[in-house]
Amino acid sequence: MNQLLIGIEIGGTKLQVVLGNCKGEITDRQRFKVDRASGAQGIRDQIEGALANYLRGKGNIVGIGVGFGGPVDREGGQIACSHHISGWA
């Protein structure tokens with residue numbers, strides 16, 4: 001089974017979820033407009049929908065990376081706060 005990677009970029013106006021292989025090639029990309037009024041829950045719902053599509057037997061997911069604007073609590077492994085979306089802390 002193919003080894004695959006998922007990348008998630010959470011921005012103030014857009015959300016991107018990509019699927020890639022271990023050669024660093026992006027094989028699929030989904031883009032969504034961020035509805036700030038929906039807050040963190042709206043973004044989580046969009047991510048869950050995108051991931052459900054990728055987890056349907058396309059391969060073995062071996063890693064996930066997430067990028068966003070804000071500091072991280074490295075020891076706790078959590079977002080400390082988001083500079084773009086309320087509710088991410």
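With angles folded into 0 to 90 degrees, how steeply does helix 39-54 sit against the dominant principal axis of the chain? Use alpha carbons for both and round to 10. Helix 39-54 sits at roughly 0 degrees to that axis.
Which one of Val72, Val18, Val34 has the biggest mean-square fluctuation once the chain is modelled by GNM with Cα springs under 10 Å? Among Val72, Val18, Val34, the largest GNM mean-square fluctuation belongs to Val72. Annotation: the residues Glu9, Glu25, sorted from fewest to most other C-beta atoms within 10 Å of their own C-beta, follow the order Glu25, Glu9.
Looking at the chain, the DSSP beta bridges with both ends there are about 65 percent antiparallel. By the count of neighbouring beta-carbon atoms within 10 Å, fewest first, Ile8, Ile43 end up ordered Ile8, Ile43.
Here the extension length gained between Ile64 and Thr13 equals 16.2 nm, from 0.36 nm per residue of separation less the Cα-Cα distance. Computing FRET efficiency as 1/(1 + (r/R0)^6) for Thr27 and Gln78, where r is the C-beta to C-beta distance and R0 is 25 Å, gives about 0.25.
Computed about its Cα centre, the charge dipole of the chain is approximately 240 debye, with only Lys, Arg, Asp and Glu carrying charge at their Cβ.
Using helices alone, what [θ] at 222 nm do you get for the chain, with -39,500 (n - 2.57) per DSSP H run of 4 or more residues, divided over all residues and rounded to the nearest 500?
Values: 1 runs with 16 residues, N = 89.
When only DSSP H runs of four or more count, the value is -6000 deg cm²/dmol.
Shape analysis of the chain yields a ratio of the Cα radius of gyration to the Kirkwood radius, Rg/Rh, of 0.99.
All of the numbers you see were taken from the coordinates with simple rules; none came from a lab. Predicted model, so just to flag it, every value in this text is computed and none were measured. Glycine gets a Cβ as well: all are built from the backbone with ideal geometry, and neighbour counts include every protein chain shown.
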